[in-house]
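The values are calculated or read from the model by the stated rules, or taken from the named source; none is laboratory data. No experiment lies behind these values; they were computed from the predicted model shown. Counting neighbours? That spans all protein chains shown, and the Cβs are built from the backbone with ideal geometry, glycine included. Accessible surface is based on the protein model in full, side chains and every heavy atom, while ligands, DNA and RNA are left aside. Shrake-Rupley method; radii C 1.70, N 1.55, O 1.52, S 1.80 Å.
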Amino acid sequence: MWEAASRLEAGTVLSHFAAAALHGADVLGDWPDRVDVSVDRKSGGRSTGRVRRHTRRLGELDVIPWGRHFVTSVVQTAIDLAAMLPFAEGVATADQVLWSRREGGPLATPDDLQRAADRFGGRGQARVQRVVAFASPQADSVRESQSRVIIEQLGFPRPRLQREFLLPSGLRAFTDFSWDEWDHVGEYDGLGKYLDPVLRRGRTPEQVLADEKDREDELRRVVRVVSRWRTRQLERPALLYDVLTRAGLPTTRPRPGF
């Protein structure tokens, strides 16, 4: 994006995925290989191999300066992506914008998003309102956001997010999902915690694995059920359905065929 931006005409409005990248809001799935820009409807213009153009009323956009260009604000970016993307992907970026445990604090508040959603009148308005209503400051990753959407779509009770537990060792643990009525916690088990040096915080992958095992063993002493899943279960929701139902969590819907 930086390379493409250096070649764009001064005053270009970077938007959508390009703006999300600039603001540090993660997205669910792969980043596109083209840079999103917004252009006035009167000017037209075609997308190229490097740039994807979105024709809009530029005067209605909330933008901020970025070098010799402009970038849509955090809230505008979240709303733009919510209008364009499937529901789960829109929720993932909205959650990222609201993320309360982000270093430096959240990028926006739920009220900010709701006000922007209420002003939005373009295509995808109903989806924008659904995304904003479902978005939460407590999802720590886009895969947690995706898990939350799929859990809802599969008919399971809506979980409590980031519940804190005091473990027998005296340590405190925050779980991704908790269903207090069923004494059940759920965790998305991503590989980043084992492979990313930043997340490992000086530990080897083997040490992280051992620490995770110890944490889970302690959690099982304070709750009845601990369910874990990985990306494979999110890509095939029937597998996540099986994980949760076999652990005793009730659902109002039949097992999906995919």
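Some points to look at:
- Accessible solvent surface per residue of region 104-258, calculated while the other protein chains remain in place, 1.4 angstrom probe, Å²: 55 Å²
- Percent accessible area from carbon and sulfur atoms, region 124-226, protein chains only, probe 1.4 Å: 51 percent
- Exposed-site-free run, longest, the chain (rule: GluC sites (Glu not before Pro); DSSP loop; at most 12 other C-beta within 10 Å): 104-258
- Remark: region 62-182 carries a charge dipole of roughly 180 debye about the Cα centre, counting +1 on each Lys and Arg Cβ and -1 on each Asp and Glu Cβ.
- Prolate/oblate/rounded call for region 44-140, Cα gyration tensor, a/c under 1.5 rounded: prolate
- Unit charges at the beta carbon, dipole of the chain: most positive-side option, 139, 159, 128: 128
- Share antiparallel - DSSP beta bridges, region 156-258, percent rounded to 5: 65 percent
- Taking the accessible area of region 1-118, probe 1.4 Å, and keeping the other protein chains in place, the carbon and sulfur fraction comes to 48%.
- GNM top mover of 91, 225, 75 - the chain, alpha-carbon springs below 10 Å: 225
- Additional length obtainable on full extension of the chain from residue 232 to residue 252, 0.36 nm per residue less Cα span: 4.9 nm
- Antiparallel content of DSSP bridges confined to the chain, in %, to 5: 55 percent
- Net charge dipole size for region 103-143 [Lys, Arg +1 and Asp, Glu -1 on Cβ; Debye, nearest 20]: 340 debye
- Listed residues 240, 85, 166, most fluctuating in the chain (Gaussian network, C-alpha, under 10 Å): 166
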